[in-house]
1. Out of the residues in region 284-312 that are polar (S, T, N, Q) and either farther than 18 Å from residue 329 by Cβ or open to solvent by 30 Å² or more (accessible area, probe 1.4 Å) (or both), state the one that is nearest to the chain's Cα centre (by Cα).
2. Mind checking whether some residue in region 27-46 is part of a helix (DSSP H, G or I) and either over 33 Å from the mean Cα position of the chain (by Cα) or polar (S, T, N, Q) (or both)?
3. Kindly check whether there is at least one residue in region 178-190 that is β-branched (Val, Ile, Thr), open to solvent by 30 Å² or more (accessible area, probe 1.4 Å), out of contact with any strand residue (DSSP E or B) (no Cβ under 8 Å at 6 or more places or on another chain) and in a helix (DSSP H, G or I).
4. Filter region 402-429 for residues that are small (Gly, Ala, Ser), under 30 Å from residue 327 (Cα atoms) and either in contact (Cβ under 8 Å) with a residue 60 or more places away in the chain or assigned to a loop (DSSP other than H, G, I, E, B) (or both) and give the result.
5. Those residues that are assigned to a helix (DSSP H, G or I) and charged (D, E, K, R), I need them from region 308-364; list them, please.
6. For region 342-361, does any single residue satisfy the condition of being under 21 Å from residue 108 (Cα atoms) and surrounded by fewer than 17 Cβ atoms within 10 Å (Cβ to Cβ)?
7. Any chance region 137-159 includes a residue that's over 34 Å from the mean Cα position of the chain (by Cα), open to solvent by 20 Å² or more (accessible area, probe 1.4 Å) and under 30 Å from residue 396 (Cβ atoms)?
8. Right, residue 399: of a type in the set (Phe, Trp, Tyr), part of a helix (DSSP H, G or I), open to solvent by 70 Å² or more (accessible area, probe 1.4 Å) and in contact with a Leu (Cβ under 7 Å, 6 or more places away or on another chain) or not?
Amino acid sequence: MSVQLALTAALSGLRTTQQQAAMTSHNLANATTAGYVRRDLALSSANTAGRGAGVQVDAIARKVDELLIRDARFETSRYTGQEARASALADYALVLGQPQDEKSVSTQLSKLQQAFSRLHGMPQDDAAQNAVVSQAITLTDSLNRAAEAAQTVQSDARDRLQTSVDSVNTALQRISDLNGRIAGLEARGGDTGDLRDDRDRLLDQVSQEIGIRTYSREDGQVVVMTRNGQTLLDHPLSPGESPLTLLGDDVMANGVSLSANPDSEIQSGRIMGYVQTIKQDMPRALAQLDELAAGLVQAFQGAEADPTQPGLFTDAGAAHGATAGLASRIAVNDSVRTESWRVRSGVQAAVPLQPGDQTQIDKFLTVFTTARSFAATDMPASATLGGYATAMVSAQQGYRTGAESEMNARKISADTLETARINRDGVNIDDEMQKLLLIEQSYGASAQVVQVAGRMIDILLQIKG
C-alpha cells in the first residue's frame, strides 16, 4: 500500500469517526425525546481501482420495526377508546349509585314501599301521609337527576367527539406537510430522520383518536386510512381541508358514516369510545330509566278508580303518554302535594275514605309486589318495580366495572408494546457511551496512521534531498 493510499484511508477514517461521533452525540441528546428513533451510519469499505481506500458513509440508517409500531399503535388506540368509554360510564354510575346506596333509584323505591307500609298501620296519621308524599317526590327527583346525568354525559361526549375530530384533522394537515418535505429531501439525498420522527409522533396522536392503518410510498410519503380502509390521507391536503367531519352525531369520511357501524369502521381510539357513549351506552341507560318511570306511572295509575287518568305519578302532570323521555318528565301528582290524604284514599278520590279504611293503601302496596312486563335492553322481561330498579342499577354498575376492567387490560398490553418499541427503536445510553469509546479508539488509530505516514514522507524527502 502506498503512503498516499494510507493517508487516504486514514483521512476517510477520521472523517467517518467524526460523523459517527456527531451522530452518537445527537442520539444521546435525544435520549429522552418522545418518539425519537436512534440513528446509525451505514458504512462500507471504500475502493479505488480495486484497492481498499478506507471507509465511506453510505447513508444514515433509521431502523424501525414497522410491525411493532403497528401493534403498539393499535393497542394504545384500543386503550384510549376504552378509557373514554369507561370514564363516561363512571360519570353516570356515580350519579346513579350502587343498589344499596342511599341515593340510588332502587333504594328510593324501596323507601317508598316502606312508607306505604307504615301508612297502612296508621292510615289517619298526617305525618305518615306526608312521609309517603315526600318519598314519592324524592323518588321522582332521583329519576330526573339520573336522566339528566345521562343526557349530560351524552352531551359531554359530543363535545369531546368534536375535539377529537378536530385534533385528527389538524394532525393530518401537519402530516401532509411533512410528507411533502420528506419526499423533497429524499429526492435530494438528504437526511429525513428528524422529519420522520415528527411524522411518527403525529401518527401516534392520530391513532389515539381513531384506529388507523398506514403504508409508505417509495418517495417516503405515508398514506393514512382507517382500519377498515376508508382513506384519510393519500394526497397533499389543501388548507382547511378536513378528512374527518362531524354531521350531527355521525363521524364522516369520504361521505361514508363511520359511526353507522363503529365496530368495523372505527374499531378503536377515543372517537370510538365517544361514539359508543353517544349512540349506545347513554341511550340504553335512558331507555332503562324510561321503562322504570313508565312502570311507576302506569302501575299507580292502574291502582286508581279510573286507570286512564293520572295517578300518584304523572307524565308532566298528565296520564301516561310516550315512554321515551319519561324519566325526565315524571312527577308527583300536584293534588297530593296539597292534600296528602289522597295517598290513603286514592289520588282521584273526591273525599277521604272513612277512618281506618285501608282498601286503597292495599291497592298501592300491591303495586310493589306485582310483576310487570319491561322492554329495556339487558333488563328482565318481567319483574316487580323494585326488582327491575335493582337490576337496572346493578346493570349500569356492571357496564362500568366491565369497561374499567377491559381498559386496565388494554393499558397493560399497550404499555408492554410501547416499552418494547422504545427498547427496540429508542436510545440506550449505555450502548451509545460504549460506542463513543470505540469511536474514540478508531479516531486515535486513524490519527496514528496519519502521523506515521507523515513521518514516512519526511524521511523520503530527506533521502531525496
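The values are calculated or read from the model by the stated rules, or taken from the named source; none is laboratory data. Note that the structure is predicted; figures quoted are calculated from it, not measured. Note that each Cβ is placed from the backbone with ideal geometry, even for glycine, and that neighbours are counted across all protein chains shown. To get the accessible areas, we keep the full protein, side chains included, count just its heavy atoms, and leave off ligands, DNA and RNA. Shrake-Rupley method; radii C 1.70, N 1.55, O 1.52, S 1.80 Å.
1. 298
2. The answer is yes, given that some residue of region 27-46 is part of a helix (DSSP H, G or I) and either over 33 Å from the mean Cα position of the chain (by Cα) or polar (S, T, N, Q) (or both).
3. The initial filter retains those residues of region 178-190 that are β-branched (Val, Ile, Thr), namely 182.
Then drop every residue that is not open to solvent by 30 Å² or more (accessible area, probe 1.4 Å), which leaves none.
The answer is no, given that none of the residues of region 178-190 is β-branched (Val, Ile, Thr), open to solvent by 30 Å² or more (accessible area, probe 1.4 Å), out of contact with any strand residue (DSSP E or B) (no Cβ under 8 Å at 6 or more places or on another chain) and in a helix (DSSP H, G or I).
4. 403
5. 329, 334, 337, 342, 344, 362, 363
6. No, because not a single residue in region 342-361 is under 21 Å from residue 108 (Cα atoms) and surrounded by fewer than 17 Cβ atoms within 10 Å (Cβ to Cβ).
7. Within region 137-159 (the criterion being over 34 Å from the mean Cα position of the chain (by Cα), open to solvent by 20 Å² or more (accessible area, probe 1.4 Å) and under 30 Å from residue 396 (Cβ atoms)), the answer is yes, since at least one residue qualifies.
8. No, not satisfied.
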